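One structure is given below, encoded as structure tokens.
The values are calculated or read from the model by the stated rules, or taken from the named source; none is laboratory data. Bear in mind that the values here come from a model prediction, so they are computed numbers and not experimental data. Cβ coordinates were reconstructed from backbone atoms using ideal geometry, including for glycine residues, and neighbour counts include every protein chain displayed.
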Amino acid sequence: MQVAEHDAASEVPQRLGGFLERRREQIAQRWADATLFRTVFIVSRGEAVEACEAVVDALAEVARTGRLEDIEATGFAAVREQLGRMSASRARAGSSPSQIAGEVAGLREPVIALLDAEFADPGDEQAHACRLALTVLMGTLRLVVMETAVSAGEELIARQRHQLLEVATPVIRLWDGVVAVPLIGTLDSARSQTVMESLLEAIVDQRARFAILDITGVPTVDSLVAQHLMKTVAAARLMGAECIVSGIRPAIAQTIVQLGIDLGSIITRAGLADALAYALGRQGIVVSPAPAAGAIPR
């Protein structure tokens with residue numbers, strides 16, 4: 001009796017897989033009009049149908065393996081990237097994760113209708129078992145979509161964060177051989193690495209002899225920030241550039257002293273203008289104030 005029950009249970013996934021293969025075109029045609037596909041493939045309905053067919057093929061493969069609840073089933077590998085693009089497109093259009101999950105869940109009803117048509121009596125035990133297996137499989141598909149959407153979202157956030165770091169740490173050419181990095185906001189490890197990379201690249205590209213790190217916009221300086229600054233200065237020196245730190249406000253100077261941080265090896269100036277004047281002076285360029293209006297030059 002137990003053997004018979006086991007055989008019947010193992011037949012259900014195979015039967016479900018065969019059903020999905022036979023009804024592939026019909027399912028794809030119905031899914032192509034669903035919100036999840038229709039709003040993504042807006043140029044051609046044929047593209048939507050092809051995408052739907054690929055998903056049905058994946059479901060059929062997973063069903064035949066019997067791994068109906070396994071989001072890591074190999075059958076899903078072929079459509080993960082596509083599902084990720086679709087969910088990302090829906091997210092960019094303003095859909096919430098719950099809405100996307102609801103759209104995936106909505107794909108179940110058209111398939112259930114076709115599955116019921118496969119049985120003379122949709123209420124018999126075999127039909128019920130196949131319907132239950134299909135429900136489980138569609139639930140797994142929903143999990144795959146959401147997992148892929150979350151992964152795509154994390155990658156997008158990481159990429160945008162890196163782009164923001166680059167934008168927030170511009171390297172400015174002030175003069176021939178003089179570049180500057182005006183720092184604004186908190187200086188953490190990730191941003192410090194970006195600052196160092198950007199500055200070193202600018203030193204090479206501009207053949208800079210002097211690099212100015214202006215920390216006027218840095219709210220606080222602790223031992224970690226000071227360590228990052230010293231590493232950046234040391235790296236600039238290795239590239240042949242003299243580094244100057246400017247914008248040390250009185251409050252920050254007191255904090256540095258209280259923490260016992262030794263910046264004696266680093267050239268410091270009160271402001272960016274002073275640092276630029278120092279760099280120009282080291283190159284033999286004398287900066288003098290412009291004559292007042294109406295004054296007779298000597």
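Per-structure values
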item: Flag for Glu50 being part of a helix (DSSP H, G or I) and either free of Cβ contacts under 8 Å to residues at least 12 places away in the same chain or surrounded by fewer than 17 Cβ atoms within 10 Å (Cβ to Cβ) (or both); result: yes
item: Residue in the stretch 245-256 that is out of contact with any Gly (no Cβ under 7 Å at 6 or more places or on another chain), at negative phi and part of a loop (DSSP other than H, G, I, E, B) present; result: yes
item: Qualifying residues in the stretch 208-243 (those that are of a type in the set (A, V, I, L, M) and assigned to a loop (DSSP other than H, G, I, E, B)) - the one surrounded by the most Cβ atoms within 10 Å (Cβ to Cβ); result: Ala208
item: Residues being among the hydroxyl-bearing types (Ser, Thr, Tyr) and out of contact with any strand residue (DSSP E or B) (no Cβ under 9 Å at 6 or more places or on another chain) - total across the stretch 192-215; result: 2
item: Which listed residue is closer than 23 Å to Glu201 by Cα, polar (S, T, N, Q) and in the same structural domain as Ala180 (by TED's automatic domain parsing), from Ser223, Ser246; result: Ser246
item: Selection from the stretch 91-104 of residues that are over 13 Å from Ala149 (Cβ atoms) and touching a Leu at 6+ places or on another chain (Cβ under 9 Å); result: none
item: Qualifying residue in the stretch 88-102 (condition: in contact with a Ser or Thr (Cβ under 6 Å, 6 or more places away or on another chain), touching a residue at least 24 places away in the same chain (Cβ under 8 Å) and surrounded by 15 or more Cβ atoms within 10 Å (Cβ to Cβ)); result: yes
item: Among the candidates Val204, Val195, residue that is assigned by TED's automatic domain parsing to the domain that holds Ala236 and modelled with pLDDT of 90 or more; result: Val204
item: Selected residue [free of Cβ contacts under 8 Å to residues at least 60 places away in the same chain, among the hydrophobic types (A, V, I, L, M, F, W, C) and under 22 Å from Arg207 (Cβ atoms)] from Leu259, Leu238; result: Leu238
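Matching residues to (1) polar (S, T, N, Q); (2) modelled with pLDDT of 90 or more; (3) in the same structural domain as Thr216 (by TED's automatic domain parsing):
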{"position": "Ala91", "(1), (2), (3)": "no, no, no"}
{"position": "Ser98", "(1), (2), (3)": "yes, no, no"}
{"position": "Gly106", "(1), (2), (3)": "no, yes, no"}
{"position": "Leu115", "(1), (2), (3)": "no, yes, no"}
{"position": "Ala120", "(1), (2), (3)": "no, no, no"}
